[in-house]
């Protein structure tokens, strides 16, 4: 056991935790006399700095095999996930100054950094204990972030619902892990996969697998474990909702895929049972997400149901990625995260100027702020999958993989057709958002233009530019992930 | 029919898990829901200990280690959960889950 090697492997996380403590310390020492705006600026700046430093360390660590007796794996998937998570967390931190009216800026930024450290460990975990601890570090931080706005009862309610669903799913995950440990005698994922490959499948292992799938279904907001998502997206402060919707999904899907692709999922021999279960989750999420989103009048709930539908497409990527490599899945989750963070960023800025609950609150946005309306158009069209934006290319990659996977008649091909058909449905509710922003006239009483603070404006422009660049030159991002 | 100690432990932990799940789903008092979640986590801990003790020659102590870490996680989870219960109590002056229904649609 080599502790120098361990420290090198975990240097991005060490930087993130040190940054969190630094943010708290600086605010404690210097923040008392400053106004809230300056404190938010200082905290966000320190947070973004430590995230940037963590990205440098991630680059330095590279893809260098395993560390700490195989508990951590540093491969190209780890590196790509870490980069994606750090970029998404940095963008949601940049949304903070000037948009939120929360007290305690340093605490918010520090908890975001702790959650990010959890995400980056999830990206590297190859051991059930490390995976569980990282997942819980991230989840507990996200519960706190969801309930951070103490002045609004909706925020507390969202956090409580998130916590109760999350707690039950954590218990399912732990129980599933304990059965896997008991049946295979190991908590290392490769050793478990080897053991399962040798011995014939046992019914207890199927129970364990179902429990683990249920827990990950919750994490990914896949139907039928999606019930928390609309409430949390609606009640949480916008930057917290952005983080919950984006970075947590990227990290969760990497961990999930690593567990299943390693062979742990092949509990029943030739026909992998997990593929069938994941296919059912994917189909249910696609149907429910897209159809219920049609009925939504609340912008945040619409984004939540669109997130459920996107989770269905990502689960399709989990099925096919084991054979074709993780690049397409990572590309899709990352570009989805960018678009969602952007959408929540627009919501945060509009909320600062007034209300932003229903779709009608966006009415006449292009007259009130052309910048916001332009960015919103990029984000929403990318979510809908319109070329040349990155969302289109992500969908194209995943669907073509699914069609190559088992031909047209296989379950993956069928799901791909379902997803393509439902994309047309999705286009309708995405265009409803843009119709309000571009066609409808501003409501009486809120016609004055919206001032966009500098840092959030920069974050929105960066996210939109990334979506366009990744859509036009997808090869560069895919090269990083393979 | 006689059961081995491992089977007895597994039966007991499964029962504990089901009791906890029932509590988490059926109770309307938030604290009792938290207790239910705690029971489910402890059922899993019991599994780890039982598999480590009775499950043959395994890697040294990884089951016990897992249990110790998950106890610590459960403590952190209880802390966050109780803080959220207090946050909801401040707004609605009770902790009934039925009353926490502002968000819907």
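The values are calculated or read from the model by the stated rules, or taken from the named source; none is laboratory data. Because the structure is predicted, anything quoted here is derived from the model rather than measured. Virtual Cβ from ideal backbone geometry, glycine too; neighbours counted across all protein chains shown.
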### Query
Given the structure, is residue A:154 surrounded by fewer than 24 Cβ atoms within 10 Å (Cβ to Cβ), out of contact with any strand residue (DSSP E or B) (no Cβ under 9 Å at 6 or more places or on another chain) and at pLDDT below 95?
yes
### Task
Consider residue B:29 carefully, then state whether it is surrounded by fewer than 16 Cβ atoms within 10 Å (Cβ to Cβ) and within 20 Å of the chain's Cα centre (by Cα).
yes
### Unmet requirement for residue A:453, which otherwise passes all of (1) crowded, with 22+ Cβ neighbours inside 10 Å; (2) over 30 Å from residue A:79 (Cα atoms)
(1)
### Message
Of the residues A:173, A:183, A:213, only one is facing chain B (nearest Cβ under 10 Å) and within 30 Å of residue A:238 (Cα to Cα); which?
### Response
A:173
### Task
Would you list the helices (runs of 4 or more DSSP H) that sit entirely within the range A:335-433 and hold 2 or more residues that are in contact (Cβ under 8 Å) with a residue 40 or more places away in the chain and buried (at least 22 other Cβ atoms within 10 Å of the Cβ)?
A:370-384, A:390-406
### Query
Can you pull out the residues in the range B:55-65 that are touching a helix residue (DSSP H, G or I) at 6+ places or on another chain (Cβ under 8 Å) and more than 9 Å from chain A (Cβ to nearest Cβ)?
B:61, B:64
### Task
Filter the range A:116-144 for residues that are part of a helix (DSSP H, G or I), in contact (Cβ under 8 Å) with a residue 24 or more places away in the chain and farther than 17 Å from residue A:218 by Cβ and give the result.
A:116, A:117, A:120, A:121, A:123, A:124, A:128, A:129, A:130, A:144
### Query
Quick one: residue B:34 ticks every box in (1) under 10 Å from the mean Cα position of the chain (by Cα); (2) within 20 Å of residue A:211 (Cβ to Cβ); (3) at the interface with chain A (Cβ under 8 Å from one of its Cβ atoms); (4) buried (at least 20 other Cβ atoms within 10 Å of the Cβ) bar one, so which box is it?
(2)
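Residue-by-condition table, conditions (1) within 11 Å of chain A (Cβ to nearest Cβ); (2) within 26 Å of residue A:130 (Cβ to Cβ); (3) in contact with a helix residue (DSSP H, G or I) (Cβ under 8 Å, 6 or more places away or on another chain):
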position	(1), (2), (3)
B:5	no, no, yes
B:24	yes, no, yes
B:28	no, no, yes
B:39	yes, yes, yes
B:49	yes, yes, yes
B:67	yes, yes, yes
B:84	yes, no, yes
B:88	yes, no, yes
### Query
What helices (runs of 4 or more DSSP H) completely inside the range A:180-237 contain at least 2 residues that are modelled with pLDDT of 90 or more and buried (at least 19 other Cβ atoms within 10 Å of the Cβ)?
A:203-219, A:228-235
### Task
Return a yes/no flag: does the range A:94-112 have any residue that is within 14 Å of another protein chain (Cβ to nearest Cβ), surrounded by 24 or more Cβ atoms within 10 Å (Cβ to Cβ) and assigned to a helix (DSSP H, G or I).
no
